[in-house]
Amino acid sequence: MGQRLILSINSVSILKSAPSHPNLASTKRIMPLKTAAAPPETASRKLPILLFDVMDTIVRDPFYHDVPAFFGMSMKELLECKHPTAWIEFEKGLINEMEMIQIFFKDGRPVDVEGLKSCMRQGYSYIEGVEVLLDDLKKNGFEMHAFTNYPVWYEIIEEKLKLSSYLSWTFCSCKIGKRKPDPDIYMDVSNYLKVDPTSCIFIDDSTRNVEAALDAGFTGIQFKNVELLREDLTHLGIHI
């Protein structure tokens, strides 16, 4: 890829990749998106398009905050006991909820799936200030999509927090069968949206995921908090 430009603003980095191959998007095979509606016509769209990670970017992630306590463990103990790939396979839609629960722990111990889901549901909440930001962006006519690694339990988030009031759950790993930072998924997204990657701003709390977006030609912002995100978007010309 082209030269990477890193602009540091108030201790959070806006990362932008300057693509040297303008036709790169057209060279990648797009994987069909199973349930997403067709994007609007490019000519009538307001650019850039905003692509949001969900967990710990928009929504508090209870896996790190609440789930260890649900199992009576520390996070270290939970990571040592759980199956190394079960959740990833669940996120990619390769196994269903029951299959995931059956192998959640390496030793096959039973899991109270309804209790776990209730724990997760209680823990889902908007990160402070983010819902107001999403509402401001929506009022200003920006197209926004979730671009997130998450299983079908995203429906629990939607039921509780109504994220679809602000953005579309278009790019969820359980629908696409791929997870960030798989390089192919970024090109699939830009191809599906029918825009050049430079017309997309990707926002994620994960450095690794942002760097993969940069390598694909996207503009990326690593999320720290909503105040810094507002400043970073303003620097990129998004005044709300």
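Grab the eigenvalues of the alpha-carbon gyration tensor for segment 47-97, scale each by 5, take roots, and send me the semi-axes largest first in whole angstrom.
Each semi-axis is √(5λ); the values are 26, 17, 8 Å.
From Cα pairs below 8 angstrom and at least 6 apart in sequence, can you work out the relative contact order of segment 45-182, rounded to a whole percent? Show your work: numbers first, answer last.
Values: 179 pairs, mean separation 49.7, N = 138.
The value is 36 percent.
Distances over 20 Å make up what percent of all Cα-Cα pairs in segment 155-211?
That fraction is 31 percent.
Would you work out if segment 57-192 is rounded, prolate or oblate? Take a ≥ b ≥ c from the square roots of the eigenvalues of the alpha-carbon gyration tensor; rounded if a/c is under 1.5, else prolate when a/b is larger than b/c, oblate otherwise.
The shape class here is oblate.
Show me the ranking of peptides 178-190, 210-222, 155-167 by mean Cβ neighbours inside 10 Å, starting with the highest.
Those peptides, ordered most packed to least, come out 210-222, 178-190, 155-167.
Loop-only trypsin sites (Lys or Arg not before Pro) in segment 49-114, please: DSSP not H, G, I, E or B, and at most 15 other Cβ atoms within 10 Å.
Details: sites: Arg60, Lys76, Lys82, Lys92, Lys106; in loops: Arg60, Lys92, Lys106.
Answer in residue order: Lys106.
How many nm separate the modelled label positions at Ile240 and Asp112, each set 7 Å beyond the Cα in the direction of the Cβ?
3.9
FRET efficiency for Lys46 and Lys224, Cβ-Cβ distance as r, R0 = 22 Å, nearest 0.05?
Step by step, r from the Cβ atoms, then E = 0.30.
Rounded to whole Å, give me the distance from the Cα center of segment 132-165 to that of segment 166-240.
So the separation of the two Cα centres works out to 14 Å.
With labels modelled as points extended 7 Å from the Cα through the Cβ direction, what inter-label distance (nm, one decimal) is found for Asp135 paired with Glu159?
Output for this residue pair reads 2.5 nm.
Can you tell me the accessible area per residue over segment 184-240, all protein chains present, probe 1.4 angstrom, in square angstrom?
Accessible area per residue: 35 Å².
Suppose every K and R has +1 on its Cβ and every D and E has -1 on its Cβ; what is the size of the dipole of segment 129-176 about the Cα centre, in Debye to the nearest 20?
60
Testing the spin-label approximation: label points 7 Å from Cα along Cα→Cβ at Met98 and Tyr126. State their distance in nm.
Output for this residue pair reads 3.7 nm.
Counting Lys and Arg as +1 and Asp and Glu as -1, each charge on the Cβ, what is the dipole of segment 154-200 about the Cα centre in debye, to the nearest 20?
80
Quick one: compute the contact order of segment 177-240, relative version, from alpha carbon pairs under 8 angstrom and 6+ residues apart, as a percent.
Contact order relative to length: 27 percent.
Given charges of +1 on the Cβ of Lys and Arg and -1 on the Cβ of Asp and Glu, with all other atoms neutral, how large is the dipole of segment 128-220 about its Cα centre, in debye to the nearest 20?
Values: 10 positive and 16 negative charges, 44 e Å.
For this selection, approximately 220 debye.
What is the extension gain from Val152 to Lys76, computed as 0.36 nm multiplied by their sequence separation minus the C-alpha to C-alpha distance, in nm to one decimal? Show your work: numbers first, answer last.
On the way: separation 76, 0.36 × 76 = 27.36 nm, distance 2.55 nm.
Result for the pair: 24.8 nm of gain on full extension.
The values are calculated or read from the model by the stated rules, or taken from the named source; none is laboratory data. Fair warning: this is a prediction, and the values are worked out from it, not measured in the lab. Backbone-built Cβ (ideal geometry, glycine too); neighbour counts: all protein chains shown. Side chains included, ligands, DNA and RNA excluded: accessible areas come from the protein's heavy atoms. Shrake-Rupley method; radii C 1.70, N 1.55, O 1.52, S 1.80 Å.
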